[in-house]
Each structure stands twice: as structure tokens, then as C-alpha cells.
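Visitor: Can you keep this structure in mind? I'll have questions shortly.
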Amino acid sequence: MILLDGKAVSAKTKERVKNEALNLKNSGIEPALAVILVGEDKASQTYVASKEKACHACEIRSIMHRLPENTSENELLALIDLLNLDDSVDGILVQLPLPKHINTSRILEAIKASKDVDGFHAINVGKLASGLDGFVPCTPLGIMEILKEYKIDVKGKNVCVIGRSNIVGKPMANLMLNADATVTVTHSKTKNLKEICLNSDIIVAAIGKPFFLTADMVKDGAIVIDVGINRLEDGRLVGDVDFDSVAPKCSYITPVPGGVGPMTIAMLLANTIKSAKNRAKA
Ligand code: NAP
């Protein structure tokens, strides 16, 4: 069994991003990412602080907008408009979840698709589904990067994606399909999940339930990608996979922490560089 070391792949990706950012700066383009946080959600504050730190480490200008909880939808839309129009801004990210009085879809659709480095805008979702070049959500993109780094070709492989969220499951399925895998997307209403998993060469678990994928659901030699991040009552951070029992059956597996998690921010930075390169070409 080989551990897929997302931490190492993330470090390598960030190094590449930093070099590309320096090259862009030398040619007069300073890559910039605007991050908007509305409210006081503790986890969101931590995520945003990590994104800011990663930008600094990789020579990307970070523009932080911390707005109070009672910010109106119109005020947020006005800020997004300003950032859309600002040619020095390459990426715009609105940290989710937003306070309940704000319509998340309306906000995500207001971000200019060419600056939508999270890949959540319908135009980018459509591009991914059509196999066209656009921005791809960072977590599934990071998974493809890990597979690429380990020279794992998904072509012709049976892939089971557990979970159908817009940020992980659905874009993951499209990326796998675009890479010529045979993909089954499963969810809470799927009837024969165990059977589908046992028939899969690759399983991507993105459910949000600790220890959900157990050894009896995994065939020998399978590749298992664990997207889950679950905090147990004793403080431990675990994935959606029962790692101790599943790992011995796998050819490759991602650990939690240190697997998929570190790739998400790395790919956010990579998407920002991609946008800055588009600006340089324009
Ligand atoms: P989500 O929006 O809650 O989606 C969970 C999915 O799991 C849903 O599609 C749900 O099905 C499915 N599901 C729930 N119970 C199931 C069951 N018994 N059998 C099969 N499918 C089941 O979650 P998410 O945002 O995709 O995140 C999933 C996990 O990944 C979470 O632990 C999250 O923290 C983690 N995550 C990690 C990163 C990272 O950077 N590593 C990024 C994003 C998310 P229905 O659609 O039928 O409800």
C-alpha cells in the first residue's frame, strides 16, 4: 500500500505557483486574490486566514474584505461588482457559508466567471461538464493533481464517487469522466452502494461521515481517496474512510490529515495564477 502524500504534492504545487507568480510580477502583472468573509464563523475565519497566509508565501497579493454579519445582500453584491471591474484583481472568492439572510447562489453567480477561482459559477460548472477549459473547484482538482503526481491513469477505470455536492462530488465525477474513467456517482439514496464500491478500481469518499467506508466495501488493490474532514468528540480529525481496516487492502490511499486537505488551497492559488496568466495574455 502506498500513501498518497497530499502534503508533499501541495508543497510542490505551491513552489510552482510561487515561481509563476514571480515570473508574472517580472512582466508587470502582480497576481491578486480577493477574499470576502461575511460574519464571525470561527471555521471560516481559520480557512480565510490560511488562504491569506498561503497567498503571502506564494507571492500572490491577498486582498481581504472582512464584513460584519449584518451586511446586506446588496452591499455584498456592490463589493463584488467593484472587484469584477478592478483589472488588478485576478480571483474573487466568497467564503461559504454565508449568513442565512444572503442568497448564496445569487452571490456566486454575481462573480465574473473569468475571476471565479473557486469554479462555482454556472458558466464554469457548464464548461467542466462540457469538457471545456474553465475554473474547476479546488478540492476535486487537487485530487486529480495528486493522481497525476503519482502517475495514476484513471482511463478505463471504474470510479465510484460517494457524494454529489456541487463543491466535491459532482465536479469530481465530471473530471473523472473527462479523463476517460467509467464513473458512478452515489449518494444517500443509492441502494446498492457496497456492490458498486466492490466493483470500483477507485473510490472517492466525500460524505462527511467518519469511518463510513469500511474494508468490506473495498476490493483488493483499490485506490481510495478520502475527502472527508470530521472532528471527533475526542478532538481527533478523521476522514470518511475507516483508514486502519481499509488501507491494507488498497494499492494507494490518502491519509487524513495530510491527503486531500492540503491540496485545496494549493489549487486555489494555482487557479489564481491561471487567471493572472489570462490577464497577461489579454
Ligand atoms: P455535503 O454537501 O454534505 O455532501 C455529502 C454527500 O454525501 C451528499 O451528496 C449526500 O447524499 C452523501 N451522503 C450522505 N450520506 C450518505 C450515505 N449514507 N451514503 C451515500 N452517500 C451519502 O458534503 P461536501 O461538502 O461534499 O463534503 C463532504 C466531506 O468532505 C465533508 O467531510 C467535508 O468536510 C469534506 N470536504 C473536504 C474538503 C477538503 O479540502 N479536503 C473540501 C470540501 C469538503 P445526498 O445528496 O443524497 O444528501
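Visitor: Using a simple charge model, +1 on the beta-carbon of Lys and Arg, -1 on the beta-carbon of Asp and Glu, nothing else, what dipole does the chain show about its Cα centre, in debye to the nearest 20?
Guide: For this selection, approximately 420 debye.
Visitor: Counting Lys +1, Arg +1, Asp -1, Glu -1, what net charge surrounds ILE102 among other residues with beta carbon under 14 Å of its beta carbon?
Guide: Overall, the nearby charge balance is -3.
Visitor: Oh, and also: Mind checking the angle between helix 42-57 and the chain's longest principal axis? C-alpha axes, 0 to 90 degrees, to the nearest 10.
Guide: For 42-57 against the chain, the angle is about 70 degrees.
Visitor: Within straight cross-link reach of LYS281, meaning Cα distance under 19 Å, which aspartates and glutamates are found once same-chain residues fewer than 8 apart are removed?
Guide: GLU20, GLU30, ASP86, ASP87, ASP90, ASP116, ASP133
Visitor: Compute the angle between helix 6-26 and the longest alpha-carbon principal axis of the chain, please, reported from 0 to 90 degrees and rounded to the nearest 10.
Guide: 20 degrees
Visitor: Could you run the Karplus curve 6.51 cos²θ - 1.76 cosθ + 1.60 with θ = phi - 60° over the stretch 187-203 and give me ³J(HN,Hα) per residue in whole Hz, x for Gly and Pro?
Guide: 7, 5, 9, 5, 8, 10, 4, 4, 4, 5, 4, 5, 8, 9, 7, 10, 10
Visitor: State, as an integer percentage, the relative contact order of the chain based on alpha-carbon contacts under 8 Å between residues 6 or more apart.
Guide: Averaging sequence separation for qualifying contacts and normalising by length gives 23 percent for the chain.
Visitor: Once the Cα gyration tensor of the stretch 1-77 is found, what semi-axes does its equivalent ellipsoid get, as square roots of 5 times the eigenvalues, in whole Å, sorted largest first?
Guide: Output for the stretch 1-77: semi-axes of 28, 20, 8 Å.
Visitor: Compute the length gained on full extension between ALA49 and ASN199: take 0.36 nm times their separation in residues and subtract their Cα-Cα distance, giving the result in nm to one decimal.
Guide: Difference between extended and current length: 49.9 nm.
Visitor: Just to confirm the filter: which chymotrypsin sites (Phe, Trp or Tyr not before Pro) across the stretch 119-205 are DSSP coil and have at most 16 other Cβ within 10 angstrom of their Cβ?
Guide: TYR150
Visitor: Here is a further query. Can you give the Kirkwood hydrodynamic radius of the chain from its Cα pairs, in Å with one decimal?
Guide: 19.5 Å
Visitor: Further, regarding this structure: Just to be sure I understand: if I project the alpha-carbon convex hull of the stretch 152-274 onto a plane and average over all orientations, what area do I get in nm²?
Guide: 8.0 nm²
Visitor: So what's the net charge close to THR214: Lys and Arg +1, Asp and Glu -1, counting the other residues with Cβ under 15 Å from its Cβ?
Guide: -3
Visitor: Between exposed trypsin sites (Lys or Arg not before Pro) in the chain, where DSSP calls loop and at most 11 other Cβ atoms lie within 10 Å, what's the longest gap?
Guide: My reading of the result: 1-99 is the longest stretch.
Visitor: When we measure straight from the Cα of LYS42, which aspartates and glutamates land under 20 angstrom away, once same-chain ones fewer than 8 places off are left out?
Guide: Correct list for LYS42: GLU52, GLU69, GLU233, ASP234.
Visitor: Search the structure for amide H atoms under 5 Å from the amide H of VAL94, placed 1.01 Å from N in the peptide plane, and list their residues when 5 or more places away or on another chain.
Guide: For VAL94, whose amide H was placed from the backbone, the distant partners under 5 Å are ILE36.
Visitor: Do any of LYS51/LYS155; LYS12/LYS155; LYS148/LYS209; LYS157/LYS277; LYS53/LYS277; LYS191/LYS219 go past 30 Å between their Cα atoms, and which?
Guide: Flagged as over cut-off: LYS51/LYS155; LYS157/LYS277.
Visitor: I would also like to ask the following. Out of GLU30, GLU145, GLU40, any idea which swings most in a Gaussian network model of the chain, alpha carbons joined below 10 Å?
Guide: Residue with maximal mean-square fluctuation among GLU30, GLU145, GLU40: GLU40.
Bear in mind these aren't lab numbers, they're just calculated from the coordinates by the rules spelled out. A quick note: this is a predicted structure, and the numbers were derived from the prediction, not measured. Neighbour counts are summed over all protein chains in view; Cβ atoms, including those assigned to glycine, are modelled from backbone coordinates with ideal geometry.
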